[in-house]
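Note sheet for the following structure.
The values are calculated or read from the model by the stated rules, or taken from the named source; none is laboratory data. Everything quoted here is computed from the prediction, not taken from an experiment. With ideal geometry, Cβ positions are generated from the backbone for all residues, glycine too; neighbour counts draw on all protein chains shown.
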Amino acid sequence: MRITGTEAREKFKAQPEKVVLLDVRTPGEYRQLRVKGSQNIDFYNGFDRQVEKLDKGKIYIVFCASGGRSQAAVGLMRSKGFEAYNAGSVGDMIQAGFEYERG
């Protein structure tokens with residue numbers, strides 16, 4: 001399910017203790033620019049195994065560099081019973097007002 005960065009921000013603000021910001025870019029991409037407080041799981045490196053360790057009681061806002069990986073990640077997560085939403089790109093998240101860090 002696709003949501004806008006603004007919708008992601010509203011969900012996060014409504015339930016910050018329940019919402020997980022999940023960045024599915026590579027660790028190198030994540031180190032360069034990341035949403036503050038987000039978690040990183042590389043979609044290309046064992047994502048399906050790592051997802052098994054996540055809490056199904058949480059809500060996941062998933063994003064990447066352009067929205068492609070996050071769309072695939074959300075599809076996989078939803079098939080495993082997670083409540084997950086594709087928020088597009090890290091740029092969409094920053095534009096919506098999420099704080100970010102570099103380097």
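Per-structure values
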read-out	value
Segments classed as strands (runs of 3 or more DSSP E), wholly inside the stretch 3-86, with at least 1 members that are at pLDDT 95 or above and either in contact with a Gly (Cβ under 6 Å, 6 or more places away or on another chain) or more than 20 Å from Arg102 (Cα to Cα) (or both)	19-23, 59-64
Matching residues in the stretch 67-82 - criterion: being over 12 Å from the mean Cα position of the chain (by Cα) and in contact (Cβ under 8 Å) with a residue 12 or more places away in the chain	Leu76, Arg78, Lys80, Gly81, Phe82
Candidates Val74, Val51, Val35, Val20 - the one that is touching a helix residue (DSSP H, G or I) at 6+ places or on another chain (Cβ under 9 Å), β-branched (Val, Ile, Thr), buried (at least 17 other Cβ atoms within 10 Å of the Cβ) and within 21 Å of Glu7 (Cβ to Cβ)	Val35
